[in-house]
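See structure below.
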Amino acid sequence: MTIATGERMYASDINNLIFFPIGTILQFSGSEYTRLTNARTADNKVIWTLCNGTAVNGITVPNLVDKFLRGAASSGTAAGADSQSVTITSANLPAHNHGVGSLAMSALTATKLPVSGLAASGFSISGQTISGLTIDNAGAHTHTVSGNAAEGGSHDHTFSNGSAASAGAHTHTYEKSFRVTPSDTDNHGGMNNLRYETTDTSSDGAHTHAVSGTIANGGAHTHTISGSAAEGGSHSHAVNSSNATISGGTITGSITGGTVSGNIDAGAITGSTGNAGSSAALTINTLPSYYTVVYIMKVA
């Protein structure tokens, strides 16, 4: 309903606010709005109605229950959510870190890790003590010996094609026999014409005598030897390192370069990270403090 220019306005028109254009929305506190929503035009049309989404006089009224009005370039757009809170779950959390907690890793397993191309230089070892170790010698060699050979019990020595040691100038005593003539029988006691006497050989100066035979053993005894024992061909010496120890000492030098290839199998990781919060969802109230009013709109 509108009032034309020069048209008479009655008190009821002022009380019912009929001078507002159709579509005007007013807000009321308390129950005073009911006087307007109960008012009617001369032809019994509703002048004001609640903004509750119903259609009155062919006009669809917006539903402004639990809504805020927002200014815009044009009217009629409804948007936003009717929820009054937001629940945040783990999917809504920003990236963050957790403490180690009870995490543990089992031992790593390394397989097929050959190392090649290493260059070692400047190595020196000093101050080490090695004990209880016998080292092989696989090459041909001799052993120097000195001392007494084991006597081996009572025994003889065969000697041939040699000379007895010279005892200096000397003579040898020998016995000789000769036959006497009959005219000498009476002088020699009738000894069957034989006569014996001893005499010495003349000295021939220092000399030796060739001998051959067996030298008397002289009982158990030893022989003094000196020189080198035959090596007996290429041979080795056993190494017994079961009781060997190497202790102390210092190793200096450097190892550079090289390539390590192979696989390292990861161990299993068990446990859980430290708790950085609670498992409960977080609900945030998005509704600010408010005071309710009633919206009505002029529809006639």
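The values are calculated or read from the model by the stated rules, or taken from the named source; none is laboratory data. In this text the structure is predicted, and so the values were computed from the model without any measurement. No Cβ is skipped: glycine too gets one built from the backbone with ideal geometry, and neighbour counts run over all protein chains shown.
In region 70-105, what residues are within 21 Å of VAL293 (Cα to Cα) and either in contact (Cβ under 8 Å) with a residue 12 or more places away in the chain or touching a helix residue (DSSP H, G or I) at 6+ places or on another chain (Cβ under 7 Å) (or both)?
Residues satisfying the conditions are GLY76, ALA78, ASP82, SER83, GLN84.
Report the residue count in region 274-300 for those that are modelled with pLDDT under 80 and either loosely packed, with under 10 Cβ neighbours inside 10 Å or of a type outside the set (A, V, I, L, M) (or both).
The number of residues fulfilling the criteria is 6.
If you check ILE284, ILE264, which single one turns out to be more than 23 Å from the chain's Cα centre (by Cα), outside any loop (DSSP other than H, G, I, E, B) and of a type outside the set (Asp, Glu)?
ILE284
State which residue is nearest to ASN263 (Cα to Cα) when the search covers only region 101-112 and only residues that are in contact with a Ser or Thr (Cβ under 7 Å, 6 or more places away or on another chain) and in a loop (DSSP other than H, G, I, E, B).
Ranking the candidates gives LEU103 first.
Can you tell me which residue within region 278-298, out of those that are in contact with a strand residue (DSSP E or B) (Cβ under 9 Å, 6 or more places away or on another chain) and of a type in the set (Ser, Thr, Tyr), is nearest to GLY23 (Cα to Cα)?
It comes out as TYR295.
Have a look at THR77, THR87, THR49, THR5 and point out the one that is touching a strand residue (DSSP E or B) at 6+ places or on another chain (Cβ under 8 Å), loosely packed, with under 11 Cβ neighbours inside 10 Å and either at pLDDT below 90 or not in a loop (DSSP other than H, G, I, E, B) (or both).
THR87
Tell me whether region 18-26 contains one or more residues that are modelled with pLDDT under 95, surrounded by fewer than 10 Cβ atoms within 10 Å (Cβ to Cβ), over 60 Å from the mean Cα position of the chain (by Cα) and farther than 18 Å from VAL294 by Cα.
For region 18-26, residues modelled with pLDDT under 95, surrounded by fewer than 10 Cβ atoms within 10 Å (Cβ to Cβ), over 60 Å from the mean Cα position of the chain (by Cα) and farther than 18 Å from VAL294 by Cα: present.
What number of residues in region 217-257 are farther than 29 Å from GLY132 by Cα and modelled with pLDDT of 80 or more?
Going through region 217-257 one residue at a time, the tally reaches 3.
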